[in-house]
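Participant: One structure, as structure tokens, below. Some questions next.
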Amino acid sequence: MSSNENKRLWMYANMVKSRHFEDLIKPAYFEGKSPVFNMAKGPIPGEMHLSDGQEPCAVGICAHLREDDVVTATHRPHHIAIAKGVDINAMTAEIFGKKGGLAGGRGGHMHLFDPAVNFSCSGIIAQGLGPAVGAAMAAKLSGSDAVAVAFLGEGAANQGAFHEALNLASVWKAPVVFVIEDNSYGISVSKSDCTAVERNAVRAISYDMPGHHVAKNDPDAISEIAGEAIRYARNGQGPSLIEIETSRLEGHFMGDPEGYRPDGEVDRLRELDPIPKYRARLLADGFEEADLESAEQDARNIVERAFSFARENQYPEPEEAYDHVFV
Amino acid sequence: MSSSDKPISAPPAERRLTIAKAMSEAIGQEMERDSSIILLGEDIGRMGGVFGTTTGLFDQFGKDRVKDTPISETAFIGAAVGMAAGGMRPIVELMFVDFFGVCMDAIYNLAAKQSYFSGGKVSCPMVLMTSVGGGYGDAGQHSQCLYATFGHLPGMKVVMPSNAHDAKGLMLSAIRDDNPVIFMFHKALQGMGWLGTIAGSITDTPDDDYVVPIGKANIVREGRDVTLVGLGATVHHGLEAATRLADASIEAEVIDLRTIAPLDRQTIIQSVSKTGRLLVVDDDYLSFGVGAEVIASVCETGAGPLKCPPQRIAHPDIPIPFSPVLEHFVLPDAKKIEQAVLSMMKDEK
């Protein structure tokens, strides 16, 4: 296989892995939460933001990243964490609040933090942009050609932190790429109801950096633009902004009644599900059915092993709550 | 308008509401009465607020008075201060108190100082409502309380109901107040279907217009042996502990602060003068907290004589952990209150 074919198969396998991960989260999350849905109950309490539909953003970008490149992600982090190579066993255990989790169960699903592959995420909108600029500068000033990528939702582009970080990155020529996953909604509020511009990519002009718009939720199209923006950063030319039109196939969080969606919207989005579409394209491009099946099976096995690990792992001792407030 | 001070243990009547419903009812009734009120916030329009605080109000009052905002807190809270200076009475929701970090300047340096910097000429009649509290596994950026943070900063009033009756009365007081009021509502009490709700928060709530005054605590259970001071969820933990303690012939008096700032020191001091013992319980971080302020208020007046050193229970000085085994270990509950009181009764001089 050529390197491009390898990359495409890698993107497909990681999309499958991510989707299968969310597919196993769903029943686990609802354990103990039925017939009465109470977010506090079951093996995974709290809010749960699934990434179904947004997988192309994660794989299209991360296909160009190395382990020493830094990624900051959002409250909807699973697909990005998986594509960045976060330890999936420890990630799953963290989501289950177990001792073997990335942070020993202290953080949970919105606070996955794996310094081994330079990944972190946050529950605060647009919080990751500043640290990505900083990580990019730390690399630049130490003579490394590592880059940083900050993922954000389209709603976060209306935060002050977005505009401040883009300006700062441009002033410093920081090797950072800002990636907007535009899934059309900030919880219930549609982008058009709260954003002054039709396309957030145009906001790059204000900060004198390239602004790319990817109209299709398509790994190949995203990867092409991502390759360009990441090369630009790695070559010391400065920051870029990428806006991707993606889709959120689930609610904002699990249990969201989604009354704000127009009738039939989810059905229409599901017809455009990027994973079966990409599978069909790979087959049309000459990939062997057997290779895809094998990649799918491997991806599923990895996820299933991670869930077994998490479920069998023990809970932390209660007193461990007091550890690590300071280093 | 009448002042109502009903204890929350009042017998059930025909209009039992959740805090969410009581808040949206109060806001809706006041919006009908006062056309200068405008509602702003994230997901408060068609969705009716993530925590049900504005249910039905978009349909009733339309998009000019019920405005979904972008995720731009610095801008819309700053804008609310400008609206307030311009004669409007904005009610603003910021979904989680944890999110105040991104827009704190507009609150503590702007809204809270409008009156002072204008020599009292410009008022800031805005209500900033926000959810607090954990216990349901939402981790360290969605479970905080921050009572003490807001109580500490001058120029804002800070209230939090423990039940629907008080929620409506406090909301009407907050809207009519010419100063900024932070209206906190506790997620464990809110009455949302998807969050567990402590049953005692669902109370008889009159349909008519009444206020619960800001700055006035409520004695929700009388007792001679120990004063338990709480707010929001910990009032209910205190009541539960008091019931158990009564089996051991210990009669606890339970005070619901209802207002954090200005603190009703008088009611607490009077109670402690009677009982001689004080335990303060809240779910904010321990140090420099509500408990410290209440205990200092009692000690510096020389109220007493105290029969044992005053005590406090709060969330320890650590970020709120996600894992249920960790979170439930550190959160205050009835059992911890009961044990603390038993220990206080034993330790007395």
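The values are calculated or read from the model by the stated rules, or taken from the named source; none is laboratory data. Not measured: the values here are computed from a predicted model. Note that each Cβ is placed from the backbone with ideal geometry, even for glycine, and that neighbours are counted across all protein chains shown.
Participant: Hey, does the range B:208-217 have a residue that's closer than 30 Å to A:GLY46 by Cβ and crowded, with 23+ Cβ neighbours inside 10 Å? Let's see the steps before the verdict.
Facilitator: The initial filter retains those residues of the range B:208-217 that are closer than 30 Å to A:GLY46 by Cβ, namely none.
No, every residue in the range B:208-217 fails to be closer than 30 Å to A:GLY46 by Cβ and crowded, with 23+ Cβ neighbours inside 10 Å.
Participant: Out of A:SER188, A:SER247, A:SER223, report the one residue that is buried (at least 22 other Cβ atoms within 10 Å of the Cβ), of a type in the set (Ser, Thr, Tyr) and touching a Phe, Trp or Tyr at 6+ places or on another chain (Cβ under 9 Å).
Facilitator: Details: A:SER247 fails: touching a Phe, Trp or Tyr at 6+ places or on another chain (Cβ under 9 Å); A:SER223 fails: touching a Phe, Trp or Tyr at 6+ places or on another chain (Cβ under 9 Å).
Checking each option against the conditions leaves just A:SER188.
Participant: Touching a Lys or Arg at 6+ places or on another chain (Cβ under 8 Å) and outside any loop (DSSP other than H, G, I, E, B) - does that describe any residue in the range B:61-80?
Facilitator: Filtering the range B:61-80 for residues touching a Lys or Arg at 6+ places or on another chain (Cβ under 8 Å) gives B:68.
Adding the requirement that they be outside any loop (DSSP other than H, G, I, E, B) leaves B:68.
Checked the range B:61-80: at least one residue is touching a Lys or Arg at 6+ places or on another chain (Cβ under 8 Å) and outside any loop (DSSP other than H, G, I, E, B).
Participant: Do you know which residues across the range B:34-58 are away from chain A (no Cβ under 11 Å), of a type outside the set (Gly, Ala, Ser), surrounded by fewer than 24 Cβ atoms within 10 Å (Cβ to Cβ) and assigned to a loop (DSSP other than H, G, I, E, B)?
Facilitator: Selection gives B:ASP34, B:THR55.
Participant: Another one. When you go through A:ALA81, A:ALA93, A:ALA139 one by one, which is the residue that is hydrophobic (A, V, I, L, M, F, W, C), outside any strand (DSSP E or B) and without any contact (Cβ under 8 Å) to a residue 60 or more places away in the chain? Break it down into steps so the answer makes sense when it comes.
Facilitator: Values: A:ALA93 fails: without any contact (Cβ under 8 Å) to a residue 60 or more places away in the chain; A:ALA139 fails: without any contact (Cβ under 8 Å) to a residue 60 or more places away in the chain.
Every option except A:ALA81 fails the conditions.
Participant: When you look at B:SER173, is it within 30 Å of A:LYS33 (Cβ to Cβ), surrounded by 24 or more Cβ atoms within 10 Å (Cβ to Cβ) and among the hydroxyl-bearing types (Ser, Thr, Tyr), yes or no?
Facilitator: Working: within 30 Å of A:LYS33 (Cβ to Cβ): no; surrounded by 24 or more Cβ atoms within 10 Å (Cβ to Cβ): yes; among the hydroxyl-bearing types (Ser, Thr, Tyr): yes.
So B:SER173 does not fit the description; no.
Participant: Test A:ALA310 against the criterion of being within 14 Å of chain B (Cβ to nearest Cβ), assigned to a helix (DSSP H, G or I), touching a residue at least 40 places away in the same chain (Cβ under 8 Å) and touching a Phe, Trp or Tyr at 6+ places or on another chain (Cβ under 9 Å), and give yes or no. Lay out the reasoning, then the answer.
Facilitator: Details: within 14 Å of chain B (Cβ to nearest Cβ): yes; assigned to a helix (DSSP H, G or I): yes; touching a residue at least 40 places away in the same chain (Cβ under 8 Å): yes; touching a Phe, Trp or Tyr at 6+ places or on another chain (Cβ under 9 Å): yes.
So A:ALA310 passes the test.
Participant: How many residues, within the range B:312-332, are more than 7 Å from chain A (Cβ to nearest Cβ) and small (Gly, Ala, Ser)?
Facilitator: 1
Participant: If you go through the range B:132-171, how many residues are more than 14 Å from the chain's Cα centre (by Cα) and hydrophobic (A, V, I, L, M, F, W, C)?
Facilitator: Selection size over the range B:132-171: 2.
Participant: Further, regarding this structure: Working only within the range A:184-221, note down all residues that are within 14 Å of chain B (Cβ to nearest Cβ), in a helix (DSSP H, G or I) and more than 25 Å from A:ILE275 (Cα to Cα).
Facilitator: Result: A:SER192, A:ASP193, A:CYS194, A:ASN200, A:ARG203.
Participant: Is it true that some residue in the range A:116-127 is more than 20 Å from B:HIS142 (Cα to Cα), over 13 Å from the mean Cα position of the chain (by Cα), away from chain B (no Cβ under 13 Å) and not in a loop (DSSP other than H, G, I, E, B)? Steps first, answer last, please.
Facilitator: As a first pass, look at the range A:116-127 and keep what is more than 20 Å from B:HIS142 (Cα to Cα): A:116-119.
Filter once more, keeping what is over 13 Å from the mean Cα position of the chain (by Cα): A:116-118.
Checking the rest, the ones that are also away from chain B (no Cβ under 13 Å) come to A:116-118.
Within this subset, residues satisfying the condition of being not in a loop (DSSP other than H, G, I, E, B) are A:116-117.
Within the range A:116-127 (the criterion being more than 20 Å from B:HIS142 (Cα to Cα), over 13 Å from the mean Cα position of the chain (by Cα), away from chain B (no Cβ under 13 Å) and not in a loop (DSSP other than H, G, I, E, B)), the answer is yes, since at least one residue qualifies.
Participant: Out of the residues in the range A:261-307 meeting the condition of being part of a loop (DSSP other than H, G, I, E, B) and either charged (D, E, K, R) or under 20 Å from the mean Cα position of the chain (by Cα) (or both), tell me which one is surrounded by the fewest Cβ atoms within 10 Å (Cβ to Cβ).
Facilitator: Narrowing the range A:261-307 to residues part of a loop (DSSP other than H, G, I, E, B): A:261-264, A:272-273, A:285-288.
Right, trim to either charged (D, E, K, R) or under 20 Å from the mean Cα position of the chain (by Cα) (or both) and you get A:261, A:263, A:272-273, A:285, A:288.
Values: A:ARG261: 17, A:ASP263: 7, A:LEU272: 13, A:ASP273: 17, A:ASP285: 10, A:GLU288: 10.
Restricting to residues being part of a loop (DSSP other than H, G, I, E, B) and either charged (D, E, K, R) or under 20 Å from the mean Cα position of the chain (by Cα) (or both), the top hit is A:ASP263.
Participant: Can you find a residue in the range B:310-319 that is at pLDDT 95 or above, surrounded by fewer than 19 Cβ atoms within 10 Å (Cβ to Cβ) and not in a loop (DSSP other than H, G, I, E, B)?
Facilitator: No - not one qualifying residue is present in the range B:310-319.
Participant: While we're on this one: From the list A:PHE178, A:PHE162, which one is under 20 Å from A:THR74 (Cβ atoms), of a type outside the set (Lys, Arg) and within 14 Å of another protein chain (Cβ to nearest Cβ)? Steps first, please.
Facilitator: Working: A:PHE178 fails: within 14 Å of another protein chain (Cβ to nearest Cβ).
Just one listed residue meets the conditions, A:PHE162.
Participant: Starting from the range B:59-85, take each residue that is more than 10 Å from chain A (Cβ to nearest Cβ) and list its partners that are aromatic (Phe, Trp, Tyr), counting only C-beta distances under 6 angstrom and pairs at least six apart or across chains.
Facilitator: Short answer, once both residue conditions are applied: B:VAL66/B:PHE58.
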